Amino acid sequence: PANATSRAWPPFQVTAESHPRTPRTDAPPRKVVIGTMCHSMFGVYPGLDARCEELKIRVDEMERQAREKYHAGLDLVVISEFALNNMRLPLAEKALPLNSPGFAYFQNLARAHHTYLIIPSIITTEGKFYNSALLLDRTGAIVGRYDKAHPVPDAAPAQTFEGGVSPGTAFPVF
């Protein structure tokens with residue numbers, strides 16, 4: 001008999017009967033063009049406006065490269081974790097609300113490049129803090145949010161995570 005220490009993994013089973021495939025009737029697959037970046041989160045923080053401009057330069061360059069190499073624009077841009085946050089500040093000061101000018105800036109950028117965009121950031125909402133990734137659609141609308149379910153513990157035994165970040169509880173599919 002299974003108990004808490006001897007669980008089968010995964011805790012579910014996917015079968016052809018439980019998840020039948022729906023035939024696709026749309027056009028054949030095409031290449032998806034994805035731009036990613038790695039941005040230092042621990043260097044000198046220039047302020048939110050300047051950081052947005054720095055990141056825009058990188059997104060613009062990704063777009064240029066995509067058009068040059070694939071003759072198409074970007075389908076998805078993934079910004080590096082904490083790129084918008086000043087990681088030298090305490091949690092309450094570095095967290096951004098969902099109506100932050102930084103998110104609005106990238107909503108406009110997603111719209112301008114007609115691309116999906118993922119912005120990982122420390123956010124604050126409903127009195128809590130999360131290490132989240134926001135998914136923007138091609139119109140710039142926030143269409144998904146993943147809150148990191150397993151944030152890094154501050155110290156053993158784990159009482160707090162990433163300076164007070166609340167763990168997420170869902171694994172959304174967008």
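Odds and ends about this structure:
- If you plug the beta carbon distance of Leu98 and Arg30 into 1/(1 + (r/R0)^6) with R0 = 22 Å, you get a FRET efficiency near 0.10.
- In this structure, His71 and Cys38 have a Cβ-Cβ separation that, at R0 = 30 Å, corresponds to a calculated FRET efficiency of about 0.70.
- Bridging of Lys94 to lysines at a Cα separation below 24 Å is possible for Lys56, Lys128, Lys148, once same-chain residues fewer than 8 apart are set aside.
- Built amide H within the under 5 Å cut-off of Phe129, gap 5+: Ser166
- Per atom type, region 66-115 shows carbon and sulfur on 55% of its accessible surface, probed at 1.4 Å.
- Within the straight-line cut-off of under 12 Å between alpha carbons, the aspartates and glutamates reachable from Lys31 are Asp75, sequence neighbours fewer than 8 places apart in one chain being disregarded.
- Judged by the ratio a/c of the largest to the smallest principal axis of the C-alpha gyration tensor, region 39-167 counts as prolate, that ratio being 1.5 or greater while a/b is larger than b/c.
- Burial order of peptide ranges 124-135, 42-53, 141-152 (average beta-carbon count within 10 Å, highest first): 124-135, 141-152, 42-53
- Region 71-160 - share of DSSP beta bridges that are antiparallel (%, nearest 5): 75
The values are calculated or read from the model by the stated rules, or taken from the named source; none is laboratory data. Owing to the predicted nature of the structure, the values given are computational and were not obtained by experimental measurement. A quick note on method: Cβ atoms are made from the backbone with ideal geometry, for glycine too, and the neighbour counts reach across all protein chains shown. With ligands, DNA and RNA removed, areas are computed over all heavy atoms of the protein, side chains included. Shrake-Rupley method; radii C 1.70, N 1.55, O 1.52, S 1.80 Å.
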